[in-house]
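A short write-up of the structure that comes next.
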């Protein structure tokens, strides 16, 4: 028998979900998975690894919640380019947990019908991490839903890479150097972003109480709605997810107008 507190929680969760209009749900949600280490410290964990594992398990749950609510695309930021400067004793346990997660992704992809893509500066990551990521990507090349995982990712670097690619493309097509600037447009740059085949995110969620983007999807999030959640990522609950959707559905989107 469920404990009274759990039962009340579930009743509130069901009531909250029933109050939401699926027609107002975002089609693409971007998520910054923030707060693993602070979560570990708040519970006096002996290592960060336990918090990392809890966070990745929660990430898998969130993918399931999105599937239940028929949200077709999620982009999750699991590691920033800037975080690659952290000491090895901090990064290596996290890399190990990511490899574990990526090993589970094919099963997750089959369960939820996912196409899985990785974006970011993968060349800066350890070989074992890239190998596991590529294996998951190969196993989930097709699906009616899209899961994009950003690691070694930086928004400024993405815009820099897109600009370089566009300039190289224009030069290769025979555009004179002096005329290249006239051929650079926002539409052409957008076509060279890492996930150019996806619509821009409608909703961006960041956990741990930090109210900033930190460079995540700088180009694509220009007109996204932001929701900043106080809980650390491993403690992010389905009710927090539903509340973010409720807040999104109540906003009047202006798209810069």
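The values are calculated or read from the model by the stated rules, or taken from the named source; none is laboratory data. None of these values were measured; they are calculated from a predicted model. Here the Cβ is made from the backbone with ideal geometry for all residues, glycine too, and neighbour counts use every protein chain on show.
Scan the stretch 175-204 residue by residue and report those that are farther than 18 Å from residue 164 by Cβ and surrounded by 15 or more Cβ atoms within 10 Å (Cβ to Cβ).
Of everything in the stretch 175-204, those that are farther than 18 Å from residue 164 by Cβ and surrounded by 15 or more Cβ atoms within 10 Å (Cβ to Cβ) turn out to be 198, 200, 201, 202, 203, 204.
So, residue 68, is that one surrounded by fewer than 15 Cβ atoms within 10 Å (Cβ to Cβ) and under 16 Å from the mean Cα position of the chain (by Cα) or not?
Spelling it out, it is not the case that residue 68 is surrounded by fewer than 15 Cβ atoms within 10 Å (Cβ to Cβ) and under 16 Å from the mean Cα position of the chain (by Cα).
Scan the stretch 121-165 for residues that are touching a residue at least 40 places away in the same chain (Cβ under 8 Å) and either part of a strand (DSSP E or B) or within 19 Å of residue 108 (Cα to Cα) (or both) and jot them down.
Selection gives 144, 145, 146, 147, 148, 149, 150, 151, 152, 153.
Of the residues in the stretch 220-250, how many are surrounded by 17 or more Cβ atoms within 10 Å (Cβ to Cβ), touching a helix residue (DSSP H, G or I) at 6+ places or on another chain (Cβ under 8 Å) and assigned to a loop (DSSP other than H, G, I, E, B)?
Number satisfying all stated conditions: 3.
Report, ordered by the first and then the second residue, all pairs with beta carbons closer than 7 Å, sequence separation of six or more or different chains, a first member in the stretch 189-212 that is on the phi > 0 side of the Ramachandran plot and assigned to a loop (DSSP other than H, G, I, E, B), and a second member that is modelled with pLDDT of 95 or more and surrounded by fewer than 14 Cβ atoms within 10 Å (Cβ to Cβ).
Going by the 7 Å Cβ cut-off, the qualifying pairs are 209/230.
If I ask for residues that are within 16 Å of residue 75 (Cβ to Cβ) and either at pLDDT below 95 or out of contact with any helix residue (DSSP H, G or I) (no Cβ under 6 Å at 6 or more places or on another chain) (or both), which ones from the stretch 122-144 would you list?
Once the filter is applied, which keeps residues that are within 16 Å of residue 75 (Cβ to Cβ) and either at pLDDT below 95 or out of contact with any helix residue (DSSP H, G or I) (no Cβ under 6 Å at 6 or more places or on another chain) (or both), the stretch 122-144 yields 137, 143.
Answer yes or no: is there a residue in the stretch 220-232 that is over 19 Å from the mean Cα position of the chain (by Cα), under 26 Å from residue 80 (Cα atoms) and free of Cβ contacts under 8 Å to residues at least 40 places away in the same chain.
no
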